[in-house]
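The values are calculated or read from the model by the stated rules, or taken from the named source; none is laboratory data. Here the structure is a predicted model, which is why all the values come from computation and not from measurement. Here the Cβ positions follow ideal geometry from the backbone for every residue, glycine too, while neighbour counts run over all protein chains shown. Protein only, heavy atoms only, side chains kept; ligands, DNA and RNA dropped before computing areas. Shrake-Rupley method; radii C 1.70, N 1.55, O 1.52, S 1.80 Å.
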Amino acid sequence: MSTAYDLVVVGAGPAGSTAALVAARSGLTVALLERGDHPGSKNMFGGVLHTHSLNEIIPRFYEEAPLERAITRRVINLVTDEASLALDFGHRKLARPPYNAFSIIRSRFDRWLAGKAQEAGALLLTRTVAQELIRGRSGAYEGVVLQDGTEIHAPVTICADGVNSLLAKKAGLRPPLRTDQLALGVKQTLALPPDVIEDRCGLQAGEGVDMIYIGSFTRGVGGGAFVYTNSRTLSVGVTLNLADLSRSRLRPEQVLELFLEEPRIAELVEGAAPREYSAHLIPEGGAHMVPTLAHHGVMLAGDSAGFVLNSGLNLEGANLAITSGRLAAETAVQAYLDGDLSAQSLGRYRTALEQSHVLADLHTFKGAHSFLANNRIYTTYPQTVASFIEEVITVGGTPKRRLHAIALDHLGKVGWRDALRDLVASRRYI
Amino acid sequence: MAVVHLVSLDYYNIDRQPHITVNSSFCPTCPHQACLVTCPAECYTKDPERGVQFSYEACLECGTCRVVCDRGAVTWDYPRGGFGVGFRLA
């Protein structure tokens with residue numbers, strides 16, 4: 001086995017496989033390392049891939065990729081102990097190319113995407129764990145050492161090794177992760193026949209829904225829950241701020257259980273067979289946790305760079321991973337053309353990210369993380385909205401009030417000072 | 001569903017050597033022992049003598065313990081290539 005390449009990419013997730021694909025297409029020799037049995041076998045996420053980023057690289061990828069359901073509806077639910085309120089949005093456009101999002105199963109999808117990198121000429125090495133970056137005497141990074149001591153040399157390394165990115169951590173490229181900047185996601189995958197999924201969720205054949213839930217079932221822990229429809233399974237999970245969770249002394253699977261016991265969810269999953277249980281950390285610090293992205297001979301992409309956008313109502317990661325993988329590869333290709341692999345040359349990666357949705361969106365929503373740490377969002381406001389609607393729609397034979405009088409009354413119960421402060425903050429941050 | 005039933009749904013190729021080691025001498029004096037409540041696979045359990053008992057077999061490789069332990073008790077690595085949990089439906 002040759003152990004010298006133009007580019008070594010660590011991690012065959014969406015960021016790494018995209019980087020390997022783009023670089024190999026441009027003629028670089030690429031080694032793509034994956035620690036699992038096959039790409040995707042170690043990977044977990046909530047469930048939805050937004051199409052735009054991959055469609056730029058593989059036009060009409062949705063005609064060949066292993067996808068579950070086109071997401072044609074999005075439902076945002078507020079839940080209190082006794083009430084629930086849903087905002088249900090559907091649009092026929094979402095059911096047509098180029099679509100907006102698909103539910104996917106990573107074990108299948110990531111394997112397919114890594115296969116595209118292989119077809120373009122990248123060498124995929126599975127069951128291969130990169131232990132450390134090699135640093136040359138000049139200070140430049142020169143490849144990686146594998147767990148068995150084998151060295152793989154390359155003038156450029158792209159670390160796409162996920163949220164825990166031990167490579168970046170050991171090399172001191174990234175500060176330690178903080179519990180307040182992470183969410184723990186835990187998920188059950190539950191099997192149901194496709195027609196039952198469609199019946200219960202009100203879906204056309206082959207179409208899917210993305211449902212998120214905010215409310216009292218997290219017992220004040222920052223975060224929420226989701227249900228995504230796959231072809232033959234439902235992905236049901238919770239994402240919980242890790243600092244809040246530690247303090248709450250609640251266990252993550254207990255919060256998921258509380259969610260599954262919500263009457264609406266219990267109906268949805270009735271008779272479904274649990275098939276898999278998985279967990280993953282989500283970097284939610286946004287722009288505040290983005291490390292230095294490029295050094296001499298190395299760039300960070302995807303979760304390892306903290307590229308997840310949580311704007312409150314949208315949680316995006318895979319599309320940021322794909323765009324960052326593409327931009328890292330394009331930067332490497334350009335650096336080879338220029339014959340300049342210095343930190344300054346690879347530093348153009350950051351500029352490219354700033355001009356793309358990745359850092360532009362993280363910058364726009366840089367205040368979202370601290371705004372979402374406010375626990376009134378998970379307890380008080382769902383309650384306030386529910387009691388407002390309850391008074392509006394309940395017919396009780398007593399004299400009615402006008403909408404604004406009811407609204408003012410209920411907001412007054414929150415406390416004017418807090419309500420105003422949160423309203424102003426919501427304008428600024430989300 | 002209890003964690004023991006949840007992780008029994010998952011596919012593992014368990015290595016003989018653990019990928020995470022815990023120096024539990026730090027644990028009895030740890031004020032929060034957050035590993036006990038946050039590990040989604042319940043790899044950390046309360047031990048009357050050592051404070052915390054750790055077993056690696058059911059690990060989901062999420063990294064939570066690595067972050068919540070601020071005592072320096074957890075030495076965290078990935079399992080050797082091909083070992084550990086393997087997701088099929090995540």
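Data table
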| quantity | calculated |
| --- | --- |
| Residues (outside any helix (DSSP H, G or I), crowded, with 16+ Cβ neighbours inside 10 Å and either among the basic types (Lys, Arg) or out of contact with any Pro (no Cβ under 7 Å at 6 or more places or on another chain) (or both)) located in the range A:239-263 | A:THR239, A:ASN241, A:LEU250, A:ARG251, A:GLU262 |
| Output for the range B:42-84, where each listed residue is under 18 Å from B:ALA2 (Cβ atoms) and either among the β-branched types (Val, Ile, Thr) or within 7 Å of another protein chain (Cβ to nearest Cβ) (or both) | B:THR45, B:LEU60 |
| Looking only at the range B:54-77, and only at residues there that are open to solvent by 30 Å² or more (accessible area, probe 1.4 Å) and of a type in the set (Gly, Ala, Ser), the one that is nearest to B:SER24 (Cα to Cα) | B:GLY72 |
| Qualifying residue in the range A:303-311 (condition: surrounded by fewer than 22 Cβ atoms within 10 Å (Cβ to Cβ), at pLDDT below 95 and not assigned by TED's automatic domain parsing to the domain that holds A:THR157) | no |
| Looking only at the range A:325-344, and only at residues there that are of a type in the set (Ser, Thr, Tyr) and at pLDDT 95 or above, the one that is least open to solvent (accessible area, probe 1.4 Å) | A:THR331 |
| Candidate set: the range A:149-163, residues that are out of contact with any strand residue (DSSP E or B) (no Cβ under 7 Å at 6 or more places or on another chain) and either among the polar types (S, T, N, Q) or within 13 Å of A:ALA305 (Cβ to Cβ) (or both); chosen: the one surrounded by the fewest Cβ atoms within 10 Å (Cβ to Cβ) | A:THR150 |
| Matching residues, the range A:181-195, being in contact with a Gly (Cβ under 8 Å, 6 or more places away or on another chain) and either more than 22 Å from A:ARG275 (Cα to Cα) or outside any strand (DSSP E or B) (or both) | A:GLN181, A:LEU182, A:ALA183, A:LEU192 |
| Residue check, A:LYS169 open to solvent by less than 70 Å² (accessible area, probe 1.4 Å) and facing chain B (nearest Cβ under 10 Å) | no |
| Of all residues in the range A:24-46 being more than 9 Å from chain B (Cβ to nearest Cβ) and out of contact with any Leu (no Cβ under 8 Å at 6 or more places or on another chain), the one that is surrounded by the fewest Cβ atoms within 10 Å (Cβ to Cβ) | A:GLY27 |
| Flag if A:LEU146 is open to solvent by less than 60 Å² (accessible area, probe 1.4 Å), under 26 Å from A:MET44 (Cβ atoms), more than 14 Å from chain B (Cβ to nearest Cβ) and modelled with pLDDT of 95 or more | no |
| Scope the range A:345-373; condition without any contact (Cβ under 8 Å) to a residue 60 or more places away in the chain and either over 25 Å from A:ALA294 (Cβ atoms) or open to solvent by less than 30 Å² (accessible area, probe 1.4 Å) (or both); matching residues | A:SER345, A:GLY347, A:TYR349, A:ALA352, A:SER356, A:VAL358, A:SER370, A:PHE371 |
| Only listed residue being more than 9 Å from chain B (Cβ to nearest Cβ) and either open to solvent by less than 10 Å² (accessible area, probe 1.4 Å) or in contact (Cβ under 8 Å) with a residue 60 or more places away in the chain (or both), chosen from A:ALA279, A:ALA294, A:ALA266, A:ALA272 | A:ALA272 |
| Unique residue being touching an Asp or Glu at 6+ places or on another chain (Cβ under 9 Å), part of a strand (DSSP E or B) and touching a residue at least 60 places away in the same chain (Cβ under 8 Å) when the list is A:THR128, A:THR157 | A:THR157 |
| Filter result for A:SER84 (open to solvent by less than 40 Å² (accessible area, probe 1.4 Å), out of contact with any His (no Cβ under 9 Å at 6 or more places or on another chain) and polar (S, T, N, Q)) | no |
| Enumeration of residues in the range A:1-23 that are open to solvent by 10 Å² or more (accessible area, probe 1.4 Å) and either at pLDDT below 95 or more than 28 Å from B:ASN13 (Cα to Cα) (or both) | A:MET1, A:SER2, A:THR3, A:ALA4, A:TYR5, A:ASP6, A:VAL22 |
| Condition check for B:LEU36: in a loop (DSSP other than H, G, I, E, B) and modelled with pLDDT of 95 or more | no |
| A:ALA287 vs. criteria more than 14 Å from chain B (Cβ to nearest Cβ), closer than 28 Å to A:GLY11 by Cα and surrounded by 24 or more Cβ atoms within 10 Å (Cβ to Cβ) | no |
| Enumeration of residues in the range A:402-427 that are under 30 Å from the mean Cα position of the chain (by Cα) and open to solvent by 100 Å² or more (accessible area, probe 1.4 Å) | A:ARG421, A:LEU423, A:ARG427 |
| All positions within the range A:375-413 that are without any contact (Cβ under 8 Å) to a residue 60 or more places away in the chain and not in a helix (DSSP H, G or I) | A:THR394, A:VAL395, A:GLY396, A:GLY397, A:THR398, A:PRO399, A:LYS400, A:ARG401, A:ARG402 |
| Test result for A:GLY139, in the same structural domain as A:GLU64 (by TED's automatic domain parsing) and either open to solvent by 30 Å² or more (accessible area, probe 1.4 Å) or at negative phi (or both) | no |
| Residues located in the range B:39-69, provided they are more than 20 Å from A:GLU253 (Cα to Cα), free of Cβ contacts under 8 Å to residues at least 24 places away in the same chain and in a loop (DSSP other than H, G, I, E, B) | B:PRO48, B:GLU49 |
